[in-house]
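Below is one structure, written out as structure tokens, with a few remarks after it.
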Amino acid sequence: MLLKTTTAIAITSSSPTLLSSILKSPSCPFPKLPLVKPFNSPRTLKTSTIQMNWLNKLGFGANASTDSAVDSFSSSIAQGPDDDVPAPGQHFAQFGAGCFWGVELAYQRVPGVTKTEVGYTQGYLHNPSYNDICSGTTNHSEVVRVQYDPKDCSFDTLLDLFWSRHDPTTPNRQGNDVGSQYRSGIYFYSPEQEKAALESKDRQQKILNREIVTEILPAKKFYRAEEYHQQYLSKGGRFGSGQSAEKGCNDPIRCYG
């Protein structure tokens, strides 16, 4: 039993007062999960959302009876391929290298890159929100989807930037950003991209003296992040001072603006 009492208590969505008192009790059996973003980050997560996710998983949510069917349907979509189509003559690539703000700006500056978008992928929830992926329960990764013209920009050029922008040896972490959504990953759209990514990883491994933990997997459905995340740093960041996205720009990138 979850609750050590002498009387069995049925907890349902129709008993919010009882549920609230249990959550506030020192002996509450539900985990009090920490925020996954550091306190000095402008992006925050509501702990109540996380707590309710745990309640739903334990069968106490209002829709607990249909969770299994919904989860199965949601997962089948989220785990499907990216069915978006790049512009004619263009290719897609996806990279996860920590917080997607700074990574996107770096790719915006690459000649031959014609479009960038930040979003979520590789998870099990259809149409996730930022709060969803920060809960640590959906397995999504923060990524930048890059559209590039192969005549002007090679995939190897994108890979070189990927390795230079983050530490690929720290699992589920980049600097102060901790969580599975910050894991290192290359998500390929073709056998040629897969081969290039694996060869690139081998070359990088010889340079570093720690094991690379970067995952190299087929690209899955891409969920575009909320609009305020798109081109966040070039639009001003948290301080309202936009950073240059000009092609070839080498200015240092202030990761949070």
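The values are calculated or read from the model by the stated rules, or taken from the named source; none is laboratory data. Only a predicted model underlies this, so the values are computations on that prediction, with no experimental measurement involved. Here Cβ is always computed from backbone atoms with ideal geometry, including for glycine, and neighbour counts include all displayed protein chains.
Before moving on, here are some points about what is shown:
- Options Y107, Y120; residue that is within 16 Å of R224 (Cβ to Cβ), touching a Phe, Trp or Tyr at 6+ places or on another chain (Cβ under 8 Å), free of Cβ contacts under 8 Å to residues at least 60 places away in the same chain and not aliphatic (A, V, I, L, M): Y107
- Residues located in the stretch 198-222, provided they are surrounded by fewer than 16 Cβ atoms within 10 Å (Cβ to Cβ) and over 21 Å from N139 (Cβ atoms): L198, E199, D202, R203, Q205, K206, I207, L208, N209, R210, E211
- Taking the criterion of being under 22 Å from the mean Cα position of the chain (by Cα) and either part of a helix (DSSP H, G or I) or under 18 Å from D156 (Cβ atoms) (or both), the residues of the stretch 198-219 that qualify are L198, K201, I212, T214, I216, A219.
- Hits in the stretch 103-118 (condition: under 14 Å from the mean Cα position of the chain (by Cα) and either closer than 10 Å to Q147 by Cβ or surrounded by fewer than 23 Cβ atoms within 10 Å (Cβ to Cβ) (or both)): E117, V118
- Test: residue in the stretch 187-197 that is modelled with pLDDT of 95 or more, among the aliphatic types (A, V, I, L, M) and surrounded by 18 or more Cβ atoms within 10 Å (Cβ to Cβ): yes
- Hits in the stretch 75-102 (condition: under 17 Å from the mean Cα position of the chain (by Cα) and among the polar types (S, T, N, Q)): S75, Q79, Q94
- G136 falls short on exactly one of the conditions (1) surrounded by fewer than 23 Cβ atoms within 10 Å (Cβ to Cβ); (2) within 17 Å of the chain's Cα centre (by Cα); (3) part of a helix (DSSP H, G or I), and that condition is (3).
- Within the stretch 171-197, being of a type outside the set (F, W, Y), in a helix (DSSP H, G or I) and under 15 Å from the mean Cα position of the chain (by Cα) holds for S180, Q181.
- Among the residues making up the stretch 220-241, those that are assigned to a loop (DSSP other than H, G, I, E, B), within 20 Å of Q122 (Cβ to Cβ) and touching a Gly at 6+ places or on another chain (Cβ under 6 Å) are K221, F222, A225.
- Residue within the stretch 80-98 that is in contact with a Ser or Thr (Cβ under 9 Å, 6 or more places away or on another chain), at pLDDT 95 or above, in a loop (DSSP other than H, G, I, E, B) and under 22 Å from K235 (Cβ atoms) present: yes
- Test: residue in the stretch 144-157 that is free of Cβ contacts under 8 Å to residues at least 12 places away in the same chain, in a helix (DSSP H, G or I) and either of a type outside the set (D, E) or touching a helix residue (DSSP H, G or I) at 6+ places or on another chain (Cβ under 8 Å) (or both): no
- In the stretch 162-177, of all residues being within 17 Å of V118 (Cα to Cα) and out of contact with any helix residue (DSSP H, G or I) (no Cβ under 6 Å at 6 or more places or on another chain), the one that is surrounded by the fewest Cβ atoms within 10 Å (Cβ to Cβ) corresponds to D177.
- For the stretch 223-239, the set of residues classified as charged (D, E, K, R) and buried (at least 19 other Cβ atoms within 10 Å of the Cβ) is empty.
- Residues in the stretch 208-254 that are among the small types (G, A, S) and under 23 Å from D160 (Cβ atoms): A219, S234, S244, A245, G248.
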